[in-house]
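The values are calculated or read from the model by the stated rules, or taken from the named source; none is laboratory data. This one's a predicted model, so the numbers in the text were calculated from it and none came from an experiment. So basically every Cβ, Gly included, is an ideal-geometry build from the backbone, and we count neighbours across all protein chains shown.
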Amino acid sequence: MSQINFDDLKEFNQKTFVNESELQDINISCIDCSEDFVWTVGEQIFFRDKGLQNPPKRCKVCKQAKNERIASIAAAQASGVKQKIEVSVFCAKCASYTTVPFYPSQGRPVYCRSCFLEMNPNLIETE
Ligand SMILES: [Zn+2]
Ligand SMILES: [Zn+2]
(Lines give C-alpha, C1' and ligand atoms only; values in the text may rest on other atoms or scores of the structure.)
(Ligands and ions follow the chains in the order given, each with its own letter.)
Protein backbone atom coordinates (compact mmCIF):
# COMPACT_ATOMS: atom_id res chain seq x y z
CA MET A 1 0.00 0.00 0.00
CA SER A 2 1.36 3.38 -0.91
CA GLN A 3 0.62 6.27 1.35
CA ILE A 4 -0.71 9.49 -0.01
CA ASN A 5 1.38 12.45 0.88
CA PHE A 6 -1.10 15.25 1.34
CA ASP A 7 1.41 17.98 0.75
CA ASP A 8 2.22 16.50 -2.64
CA LEU A 9 -1.46 16.18 -3.40
CA LYS A 10 -2.11 19.78 -2.46
CA GLU A 11 0.74 20.97 -4.62
CA PHE A 12 -0.49 18.81 -7.49
CA ASN A 13 -3.96 20.26 -7.21
CA GLN A 14 -2.64 23.78 -7.12
CA LYS A 15 -0.60 23.16 -10.23
CA THR A 16 -3.29 21.28 -12.06
CA PHE A 17 -6.37 23.25 -11.26
CA VAL A 18 -5.18 26.76 -11.78
CA ASN A 19 -7.99 29.12 -12.50
CA GLU A 20 -8.15 29.47 -16.26
CA SER A 21 -8.34 33.24 -16.03
CA GLU A 22 -4.93 33.22 -14.35
CA LEU A 23 -3.32 31.51 -17.31
CA GLN A 24 -1.24 33.60 -19.66
CA ASP A 25 0.37 33.05 -23.01
CA ILE A 26 3.88 31.77 -22.43
CA ASN A 27 6.89 32.34 -24.65
CA ILE A 28 8.93 29.20 -25.17
CA SER A 29 12.09 28.96 -27.19
CA CYS A 30 12.06 26.08 -29.65
CA ILE A 31 14.72 23.41 -29.00
CA ASP A 32 15.15 22.85 -32.74
CA CYS A 33 15.33 26.33 -34.29
CA SER A 34 15.68 28.39 -31.04
CA GLU A 35 12.97 30.77 -32.21
CA ASP A 36 10.52 31.93 -29.57
CA PHE A 37 6.98 30.74 -30.01
CA VAL A 38 3.83 31.39 -28.01
CA TRP A 39 2.23 28.65 -25.99
CA THR A 40 -1.25 30.08 -25.86
CA VAL A 41 -3.72 29.79 -23.00
CA GLY A 42 -5.96 27.70 -25.24
CA GLU A 43 -3.14 25.25 -25.88
CA GLN A 44 -2.25 25.17 -22.19
CA ILE A 45 -5.83 24.24 -21.35
CA PHE A 46 -5.76 21.61 -24.10
CA PHE A 47 -2.54 20.15 -22.67
CA ARG A 48 -3.98 20.15 -19.18
CA ASP A 49 -7.18 18.48 -20.33
CA LYS A 50 -5.12 15.80 -22.03
CA GLY A 51 -3.17 15.30 -18.81
CA LEU A 52 0.07 16.30 -20.48
CA GLN A 53 2.64 17.40 -17.94
CA ASN A 54 5.32 19.00 -20.06
CA PRO A 55 4.98 22.14 -22.15
CA PRO A 56 5.74 21.81 -25.87
CA LYS A 57 9.42 21.98 -26.80
CA ARG A 58 9.10 22.86 -30.47
CA CYS A 59 7.43 25.57 -32.47
CA LYS A 60 4.65 24.51 -34.82
CA VAL A 61 6.92 24.38 -37.86
CA CYS A 62 9.52 22.20 -36.16
CA LYS A 63 6.87 20.06 -34.54
CA GLN A 64 5.32 19.39 -37.92
CA ALA A 65 8.72 18.68 -39.44
CA LYS A 66 9.42 16.25 -36.63
CA ASN A 67 6.05 14.57 -37.05
CA GLU A 68 6.69 14.21 -40.76
CA ARG A 69 10.09 12.65 -40.08
CA ILE A 70 8.54 10.21 -37.65
CA ALA A 71 5.68 9.46 -40.04
CA SER A 72 7.99 8.79 -42.95
CA ILE A 73 10.21 6.55 -40.81
CA ALA A 74 7.14 4.70 -39.54
CA ALA A 75 5.80 4.35 -43.08
CA ALA A 76 9.15 3.05 -44.27
CA GLN A 77 9.29 0.58 -41.42
CA ALA A 78 5.72 -0.51 -42.03
CA SER A 79 6.39 -1.17 -45.70
CA GLY A 80 9.59 -2.99 -44.81
CA VAL A 81 11.63 -0.75 -47.04
CA LYS A 82 14.72 0.82 -45.61
CA GLN A 83 14.88 4.49 -46.31
CA LYS A 84 17.65 5.10 -48.75
CA ILE A 85 19.43 8.36 -48.65
CA GLU A 86 22.13 9.51 -50.97
CA VAL A 87 24.38 12.39 -50.11
CA SER A 88 26.77 13.81 -52.68
CA VAL A 89 30.32 14.29 -51.42
CA PHE A 90 33.86 14.52 -52.64
CA CYS A 91 36.17 11.80 -51.39
CA ALA A 92 38.65 13.16 -48.85
CA LYS A 93 41.41 10.97 -50.25
CA CYS A 94 41.15 10.83 -54.03
CA ALA A 95 38.78 13.82 -54.43
CA SER A 96 36.48 11.90 -56.73
CA TYR A 97 32.79 12.69 -56.69
CA THR A 98 30.76 10.05 -54.91
CA THR A 99 27.55 9.48 -52.99
CA VAL A 100 27.27 7.97 -49.54
CA PRO A 101 24.20 6.41 -47.91
CA PHE A 102 24.43 8.55 -44.75
CA TYR A 103 24.72 12.14 -43.68
CA PRO A 104 28.40 12.79 -42.98
CA SER A 105 29.01 14.44 -39.63
CA GLN A 106 30.61 17.83 -39.72
CA GLY A 107 34.39 17.86 -39.85
CA ARG A 108 34.58 14.13 -40.53
CA PRO A 109 36.32 13.15 -43.76
CA VAL A 110 34.21 11.12 -46.15
CA TYR A 111 35.76 8.66 -48.56
CA CYS A 112 34.53 7.06 -51.72
CA ARG A 113 33.78 3.37 -51.54
CA SER A 114 37.06 2.19 -52.99
CA CYS A 115 39.20 4.44 -50.77
CA PHE A 116 37.13 3.45 -47.75
CA LEU A 117 37.58 -0.24 -48.46
CA GLU A 118 41.26 0.29 -49.15
CA MET A 119 41.63 1.75 -45.67
CA ASN A 120 39.31 -0.79 -44.04
CA PRO A 121 39.97 -4.08 -45.83
CA ASN A 122 38.33 -6.05 -43.04
CA LEU A 123 35.02 -4.33 -43.76
CA ILE A 124 34.58 -5.72 -47.26
CA GLU A 125 31.03 -6.88 -47.51
CA THR A 126 30.40 -10.55 -48.08
CA GLU A 127 26.85 -10.36 -49.36
ZN1 LIG B 1 11.31 25.63 -34.24
ZN1 LIG C 1 38.38 8.05 -53.02
Identity of the residue in the stretch 90-119, in a strand (DSSP E or B) and more than 10 Å from ligand 2 (Cβ to nearest atom), that ends up surrounded by the fewest Cβ atoms within 10 Å (Cβ to Cβ): T99
Qualifying residue in the stretch 98-106 (condition: at pLDDT 85 or above and over 18 Å from the mean Cα position of the chain (by Cα)): yes
Check on K66, touching a strand residue (DSSP E or B) at 6+ places or on another chain (Cβ under 8 Å) and among the basic types (K, R): no
Neighbours by Cβ (under 6 Å, 6+ apart or cross-chain): first from the stretch 87-107, within 16 Å of L117 (Cβ to Cβ); second of a type in the set (S, T, N, Q) and within 16 Å of ligand 1 (Cβ to nearest atom): none
K84 farther than 30 Å from T40 by Cβ and surrounded by 10 or more Cβ atoms within 10 Å (Cβ to Cβ): no
